[in-house]
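Worksheet: the structure to be examined is printed underneath.
Readers should treat all values here as calculations from the given coordinates under stated rules, not as data from a laboratory. Keep in mind that what you see is a predicted model, and the values were worked out from it rather than measured. Backbone-built Cβ (ideal geometry, glycine too); neighbour counts: all protein chains shown.
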Amino acid sequence: MKHFKMRRLLSSFLVTTLFLSGCGLFGESDTETDSENAVNSDENLSDESGSDEPSDEATDEENSEDDEAEIDQDLTVWFPKLENTLLDYKGDGNEFAPFTRYPQFVKDDTLQMVESTAGTDVVTVYNYSDDEIKESFVRAGTYFREDFVDTGLESEQGNFQIILQKPLELGHSWESPDGSTSEITDVSVNKDLPFGSIEAIEVTRQYENNSETIDYYGKDIGLIEQIFKSDDDTITVTSTLSTQAADTPEAFPITVYSIDDQALGLDKSTVTMELETNEPARLAMAEILKGQTPDTEESQILKESTEINFMYLRQDGVVHVDFSTNLSAMNAGSGIEAMTLQGIVNTIGDYYHVDEVLLTLDNEPYESGHILLNEGETWPVDYGNVNQ
């Protein structure tokens with residue numbers, strides 16, 4: 001919070017009065033000269049004392065207005081849409097205090113961010129308008145990459161928070177649909193982080209249970225520190241940004257299920273899927289299933305010409321993955337074909353943590369010379385023939 005120092009001005013009236021009283025000591029012949037000197041003295045005193053300047057109160061008001069004008073009202077400055085940047089927060093107070101954040105999808109008016117703690121991964125979609133930034137989608141336990149704005153999956157949370165709201169000025173407050181009340185409690189905070197001093201604004205949020213969080217939003221970074229306090233002040237949890245790694249992809253462990261050398265079962269191997277901001281998982285998944293990554297060269301499942309047209313989680317918990325039609329052209333017996341499809345279903349189902357996968361070819365039910373699936377028929381994830 002900025003404090004303004006009151007300037008003390010000299011009183012020109014007192015000095016001028018003393019000077020004019022002294023003029024009576026001169027004779028009448030010096031009256032014209034004395035008058036001229038008095039005028040000149042008044043002008044000099046006025047310049048030195050600043051009596052022609054605005055009053056203390058007016059000056060302080062102008063300084064206050066100038067200070068508020070310095071606060072950038074562009075919300076994206078304080079909550080920017082970063083790309084390909086991993087934010088790592090160190091924490092104290094409990095095991096969930098440390099966490100990471102990664103921007104998964106950035107669009108004109110939305111930002112999808114995943115926050116990973118020791119307990120769970122929470123995906124949040126933030127909506128940007130001219131006046132505020134607010135949550136529009138929250139989903140906990142999400143260990144996969146999905147563009148939730150495009151897929152239209154419903155949020156698991158109904159009441160959201162307004163993160164920032166204009167005007168960005170000291171004392172501005174707002175209520176959020178989740179029942180919390182926020183107030184901008186400081187507009188000029190300098191936070192010393194491991195990589196430098198960051199200018200920030202402070203937002204204090206009060207919850208219905210009387211607990212509170214104090215969030216600090218750093219210029220051109222976003223959230224740089226969060227402090228949680230319980231209603232009785234017996235618990236304090238602090239999370240502070242320690243590193244920001246640019247040009248860094250988000251990493252996912254993937255278990256790939258491929259046919260073993262004897263074609264008697266499925267082998268499994270663990271690889272890492274790396275996705276940058278705005279990169280859909282289906283492209284990386286296709287490369288993995290084709291054996292086009294260094295860790296999957298020996299476990300190719302798809303032919304190089306086969307593509308994944310789309311892949312997403314439905315509201316009913318089933319993943320719908322659509323392949324190009326040449327997936328069914330395997331030139332193999334029914335047993336090999338079924339085992340290949342089981343490997344695909346297990347790999348994708350394991351990635352999404354689901355039990356069923358709907359396989360289609362150019363949005364039509366899967367059909368080959370050996371296998372025919374009905375409209376809407378799903379294929380279950382099954383680890384029964386996986387080699388241990």
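Distance between the pseudo-spin-label points of residue 172 and residue 387 (7 Å out from Cα toward the beta carbon): 6.3 nm. For segment 340-345, the Karplus equation 6.51 cos²θ - 1.76 cosθ + 1.60, evaluated at θ = phi - 60°, returns couplings of 4, 5, 5, x, 5, 5 Hz by residue, with Gly and Pro reported as x.
For segment 177-214, applying the loop criterion from DSSP together with a ceiling of 11 other beta carbons within 10 Å to the GluC sites (Glu not before Pro) yields 208. Take the Cα of residue 230, step 7 Å toward its Cβ, do the same at residue 261, and the gap between the two points is 5.9 nm. Using θ = phi - 60° in the Karplus curve 6.51 cos²θ - 1.76 cosθ + 1.60, the 3J(HN,Hα) couplings for segment 235-252 round to 10, 10, 10, 10, 10, 10, 4, 10, 9, 10, 9, 6, 6, 10, x, 7, 10, 10 Hz; x is entered for Gly and Pro. Per-residue 3J(HN,Hα) values for segment 188-201, derived from phi via the Karplus relation 6.51 cos²θ - 1.76 cosθ + 1.60 with θ = phi - 60°, read 8, 10, 10, 9, 8, 9, x, 9, x, 8, 10, 6, 9, 10 Hz in sequence order (x marks Gly and Pro). When the chymotrypsin sites (Phe, Trp or Tyr not before Pro) in segment 189-224 are filtered for DSSP coil states and for at most 16 other beta-carbon atoms within 10 Å of their beta-carbon, the remaining sites are 195, 207. Close amide H partners of residue 172, meaning residues 5 or more places away or on another chain with modelled amide H under 5 Å apart, are 184.
When the GluC sites (Glu not before Pro) in segment 230-303 are filtered for DSSP coil states and for at most 15 other beta-carbon atoms within 10 Å of their beta-carbon, the remaining sites are 276, 297, 298.
Here the label points at residue 247 and residue 371, each 7 Å from Cα along the C-beta direction, are separated by 4.3 nm in the simple model.
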